[in-house]
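Have a look at the structure below, then the notes.
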Amino acid sequence: MTNLFELFESNLAYLIISGLINIDDCYKNNNFDPNYLRGLLEKYKKQALKPFKEYDYDENRNSASEVLENGKRIILPYISDDVKRIM
């Protein structure tokens, strides 16, 4: 479950990126720290580039692995809820 602060940050980033509010207004009128806003936008930019995680399930071993950006796999010590939903 997303906490309220994460929800606020997500909504703020969306409003800035979509142009519904101006980032300069956030600096001046709402007293947001410019470094905080830059970090927030960078965080959501990275999420947008890779919006989901990819998993692989090996039925023979009954194990799951997470597929990394470079194609390598990390065997997980558990089967994630995401993998369980599609099994």
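The values are calculated or read from the model by the stated rules, or taken from the named source; none is laboratory data. In this text the structure is predicted, and so the values were computed from the model without any measurement. Backbone-built Cβ (ideal geometry, glycine too); neighbour counts: all protein chains shown. Only protein heavy atoms, including side chains, enter the accessible area calculation; ligands, DNA and RNA are left aside. Shrake-Rupley method; radii C 1.70, N 1.55, O 1.52, S 1.80 Å.
Here are some values of mean projected area of the Cα convex hull in nm²: (i) 10.8; (ii) 5.0; (iii) 7.8. Which one was computed from this structure? Looking at mean projected area of the Cα convex hull in nm² for this model, the match is (iii). Against the main long axis of the alpha-carbon atoms of the chain, helix 4-18 sits at an angle near 70°.
The residue among N29, F52, S10 whose Cα reaches farthest toward the positive pole of the charge dipole of the chain, with charges on the beta-carbon of Lys, Arg, Asp and Glu, is F52. Return one number: the angle in degrees, 0 to 90 and rounded to the nearest 10, between the long axis of the Cα atoms of helix 34-49 and the longest principal axis of the Cα atoms of the chain. Taking Cα atoms only, the helix is inclined about 40 degrees.
Just the protein heavy atoms count here, and of the accessible area of the chain at 1.4 Å, carbon and sulfur take up 52 percent.
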